[in-house]
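Structure first, commentary second.
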Amino acid sequence: MTKLELTEYQKGLLKHIVKESYRKDGEKTTVALITLQNGFEIVGTSGCVNPADFDFEIGKHYALVDALTKLGGYVGFYMQEIKYQSEVAIQAVRDLAKESGLESEEVEVYIQQLQEEVDKALGQYK
């Protein structure tokens, strides 16, 4: 039998999960419910064709993979939104600084610190 493993990215997503629950529905379906640190819940499912082939442990693995795949989509959106919002904020700071006559070097130091914090926040999802 093939050893069931998660990818490194999927393993990284596990750190955001505070609770997992699994159940068998019907004759051949496994449902995973994962709860994230922020309380968001995601459902993943897996199933087999023949009820005689059903294996709950294998079903749990693939239902978790399905839930993690969905989570990965949300993480992608979230990361893109953070990048976009930080770019908008940085441009607004530059514009305000220019209007106020502040030294650009002083402003750039602040912007660099802001960018480092954004990069740090995004780094937890790599």
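In straight-distance terms, cross-link reach from LYS24 covers every one of the lysines whose alpha-carbon lies under 25 Å from its own, apart from those fewer than eight places away in the same chain; here that gives LYS3, LYS11, LYS15, LYS60, LYS70. Restricting segment 6-84 to chymotrypsin sites (Phe, Trp or Tyr not before Pro) that sit in a DSSP loop and have at most 11 other Cβ atoms within 10 Å of their own Cβ leaves PHE40.
Taking the longest Cα principal axis of the chain as reference, the axis of helix 104-123 is set at about 10 degrees.
Our summary of shape: the Cα atoms of the chain have principal axis extents of 75, 24, 22 Å, ordered from largest down, in whole angstrom. Once the convex hull of all Cα atoms in segment 8-75 is built, its volume per residue stands at 80 Å³.
Read the figures in this text as sums done on the coordinates, not as results from a lab. All of these numbers come straight from a predicted model, not from anything done at the bench. Here Cβ is always computed from backbone atoms with ideal geometry, including for glycine, and neighbour counts include all displayed protein chains.
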